[in-house]
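Participant: Once you've had a glance at the structure underneath, I'll fire off some questions.
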Amino acid sequence: MRQLIAGNWKMNGLRAEATTLAQGVRAGAAGLRCDLLVCPPFTVIEAVARALDGSPVAVGGQDCHALHEGAHTGDVAAAMLRDAGATWVIVGHSERRQNHGETDELVREKVLAAAAAGLTPVVCVGETEDQRASGQETEVVGWQIAGSLPKPFAGVVAYEPVWAIGTGRTATDQDVATMHAFIREELVRQFGEAGQEIRILYGGSMRPANAASLLGVPHVGGGLIGGASLKAEDFLAIARAAREG
Ligand code: PEP
């Protein structure tokens, strides 16, 4: 299974910067051993999709609404992302769960909406610092997986310990190994053999210096990269650290 290196640009990038960043990623994307995805803000998806047209780099949104259309001021439907050129979407990022009160149930509805619109979802799960300190990390992630993934599920899971996002602190390789093995077990328990094929990304302060060891951990199917995805050279350095198979 090829690893997926996905960039979450969050709320960064006006049209000119985003286009330059996309062109930089495109310039180094040929011949890599991994799949590449960038998730810019809604407003520049179309520009980024145009800049990446015909390249191996896919484009995704960072969220979508659970419904197809209607009176939802400020929200964006999955079909709108598709229409703008996205083929993927991140759902259930911890910043959405925390800042917008998103529940597992809502995330699950968004996954269904994404699939109906032809988008591949990247579903984020991960424990807070307090939950890890009290030894609840696997229980929390187990509940998030059970609640957020519909059956069948055709997408990717991203394990992102909340305390490692944007903090410069990464989980140790051993913590990642333990959690990814647990997630794999849960996926197989819920989806049978199909659960073996679901890629499980690690996210949380991944950067060029730690990418090779994190991406080398068993059951790590790639990375979800925030800060380091805003520099094409760093994002590509992480992609070059991906392993095949
Ligand atoms: C993220 O927001 O998904 C993320 C992993 O951010 P960072 O790489 O900056 O920790």
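The values are calculated or read from the model by the stated rules, or taken from the named source; none is laboratory data. What you see is a predicted model; the values in this text were computed from it and never measured. Every residue, glycine among them, receives a Cβ derived from its backbone with ideal geometry; neighbour counts consider all protein chains shown.
Participant: Go through the residues of the stretch 170-179 one by one and say whether even a single one is modelled with pLDDT of 95 or more, away from the ligand (no atom under 16 Å from the Cβ) and under 24 Å from P152 (Cα atoms).
Facilitator: no
Participant: Can you name the residue in the stretch 135-154 that is out of contact with any Gly (no Cβ under 9 Å at 6 or more places or on another chain) and within 21 Å of P218 (Cβ to Cβ) and, of all such residues, is surrounded by the most Cβ atoms within 10 Å (Cβ to Cβ)?
Facilitator: My answer is I145.
Participant: What number of residues within the stretch 20-40 are in a loop (DSSP other than H, G, I, E, B) and over 17 Å from the mean Cα position of the chain (by Cα)?
Facilitator: So in the stretch 20-40, the residues in a loop (DSSP other than H, G, I, E, B) come out as 28-34, 40.
Still in the list and also over 17 Å from the mean Cα position of the chain (by Cα): 28-33.
Qualifying residue count for the region: 6.
Participant: Right, another one. Considering each residue of the stretch 1-14, count those that are under 16 Å from A86 (Cα atoms) and charged (D, E, K, R), and give that number.
Facilitator: 1
Participant: Output yes when any residue across the stretch 46-66 is assigned to a loop (DSSP other than H, G, I, E, B), charged (D, E, K, R) and closer than 21 Å to G222 by Cα, and no when none is.
Facilitator: First pass over the stretch 46-66, keeping only residues assigned to a loop (DSSP other than H, G, I, E, B): 53-56, 62-64, 66.
Checking the rest, the ones that are also charged (D, E, K, R) come to 53, 63.
If we keep only those that are closer than 21 Å to G222 by Cα as well, we get 63.
Yes, the stretch 46-66 has at least one match.
Participant: Being more than 8 Å from the ligand (Cβ to nearest atom) and either modelled with pLDDT under 95 or out of contact with any Cys (no Cβ under 9 Å at 6 or more places or on another chain) (or both) is the filter here; which residues of the stretch 151-167 pass it?
Facilitator: The first filter runs over the stretch 151-167 and keeps only residues more than 8 Å from the ligand (Cβ to nearest atom), leaving 151-157, 159, 161-163.
Residues satisfying the conditions are K151, P152, F153, A154, G155, V156, P161, V162, W163.
Participant: Taking the stretch 150-189 as the search range and keeping residues that are of a type in the set (S, T, N, Q) and assigned to a helix (DSSP H, G or I), which one is farthest from Q131 (Cα to Cα)?
Facilitator: Restricting to residues being of a type in the set (S, T, N, Q) and assigned to a helix (DSSP H, G or I), the top hit is Q174.
Participant: Kindly list, by first and then second residue, each pair from a residue in the stretch 225-241 that is within 15 Å of L214 (Cα to Cα) to a residue that is charged (D, E, K, R) and at pLDDT below 95, limited to pairs with Cβ atoms under 9 Å and residues at least 6 apart or on different chains.
Facilitator: Close Cβ pairs (under 9 Å, with a partner that is charged (D, E, K, R) and at pLDDT below 95) amount to A239/R33; R240/R33.
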